[in-house]
1. Return only the number of the condition from (1) under 25 Å from Lys105 (Cβ atoms); (2) open to solvent by 30 Å² or more (accessible area, probe 1.4 Å); (3) in contact with a Lys or Arg (Cβ under 9 Å, 6 or more places away or on another chain) that Ala24 does not satisfy.
2. For region 96-112, give me each residue that is in contact (Cβ under 8 Å) with a residue 12 or more places away in the chain and open to solvent by 40 Å² or more (accessible area, probe 1.4 Å).
3. I'd like to check something: does region 80-88 contain any residue that is touching a helix residue (DSSP H, G or I) at 6+ places or on another chain (Cβ under 7 Å) and of a type in the set (A, V, I, L, M)?
4. Condition first: of a type outside the set (S, T, N, Q) and either more than 30 Å from Ala47 (Cα to Cα) or open to solvent by 100 Å² or more (accessible area, probe 1.4 Å) (or both). Now tell me which residues in region 72-83 satisfy that.
5. Taking the condition of being modelled with pLDDT of 95 or more and among the basic types (Lys, Arg), how many residues in region 53-95 meet it?
6. Tell me which residues, restricted to region 40-57, are in a helix (DSSP H, G or I) and surrounded by fewer than 16 Cβ atoms within 10 Å (Cβ to Cβ).
7. Does at least one position in region 80-97 carry a residue that is out of contact with any Asp or Glu (no Cβ under 7 Å at 6 or more places or on another chain), over 21 Å from Phe125 (Cβ atoms) and aliphatic (A, V, I, L, M)?
8. Is region 35-42 home to any residue that is modelled with pLDDT of 95 or more, in contact with a strand residue (DSSP E or B) (Cβ under 9 Å, 6 or more places away or on another chain) and among the aliphatic types (A, V, I, L, M)?
Amino acid sequence: MKTQIGIKPEDSVQVSDSLNKLLADEHVLYIKTRNAHWNVVGKDFGAQHVFFEGQYRILEDIIDQVAERIRAIGHYTEGTMEDYLKLTQLNEKSRENNDSLSFIKDLLSDHESVIIEARENITRFADEWHDLGSSDFITGLMQDHEKMAWMLRSHLQ
């Protein structure tokens, strides 16, 4: 059955494609955050282990929200790591150090990339593709990432 929600089919394809790229970024960021949680070492291990767990739990929820938004506008989500790695703007790089500051700097950079991409899509979703719901949705996700980035950045000051 066709999705009849007031968005032109060609516009919903554009929104879906953009949201699938975001979904890929969220998955890569989630995996990198889980990696930090599992592999952080140092005198601050206990606190950082818990901190990274809190961050990846937020990302789990974001991933589900993005996937459900794609479905709500009538499209299917990407669902394999192979697809995510093709779509993501983030680097899945190996680390040189397992200290918390190395993980934090890398994760902060990724959150900032997601924030910039989301900010650019807010207007595009509304003005170009006439999807105010996805524009509002992406605004909320951007704010979530801004808060997570602030938490990471605070460790570096």
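1. Going through (1) under 25 Å from Lys105 (Cβ atoms); (2) open to solvent by 30 Å² or more (accessible area, probe 1.4 Å); (3) in contact with a Lys or Arg (Cβ under 9 Å, 6 or more places away or on another chain) one by one, Ala24 breaks only (2).
2. Asn98, Asp99, Leu101, Lys105, Glu112
3. Yes, there is a match, as at least one residue in region 80-88 is touching a helix residue (DSSP H, G or I) at 6+ places or on another chain (Cβ under 7 Å) and of a type in the set (A, V, I, L, M).
4. If the condition is that a residue be of a type outside the set (S, T, N, Q) and either more than 30 Å from Ala47 (Cα to Cα) or open to solvent by 100 Å² or more (accessible area, probe 1.4 Å) (or both), then Ala72, Ile73, Gly74, His75, Tyr76, Glu78, Gly79, Glu82, Asp83 are the ones that fit.
5. Residues meeting the conditions: 4.
6. If the condition is that a residue be in a helix (DSSP H, G or I) and surrounded by fewer than 16 Cβ atoms within 10 Å (Cβ to Cβ), then Phe45, Gly46, Ala47, Val50, Glu53, Gly54, Arg57 are the ones that fit.
7. Checked region 80-97: at least one residue is out of contact with any Asp or Glu (no Cβ under 7 Å at 6 or more places or on another chain), over 21 Å from Phe125 (Cβ atoms) and aliphatic (A, V, I, L, M).
8. Taking every residue of region 35-42 in turn, at least one turns out to be modelled with pLDDT of 95 or more, in contact with a strand residue (DSSP E or B) (Cβ under 9 Å, 6 or more places away or on another chain) and among the aliphatic types (A, V, I, L, M).
The values are calculated or read from the model by the stated rules, or taken from the named source; none is laboratory data. Here the structure is a predicted model, which means the values were calculated and not measured. Here Cβ is always computed from backbone atoms with ideal geometry, including for glycine, and neighbour counts include all displayed protein chains. Keep in mind that these areas ignore ligands, DNA and RNA; they rest on the heavy atoms of the full protein, side chains included. Shrake-Rupley method; radii C 1.70, N 1.55, O 1.52, S 1.80 Å.
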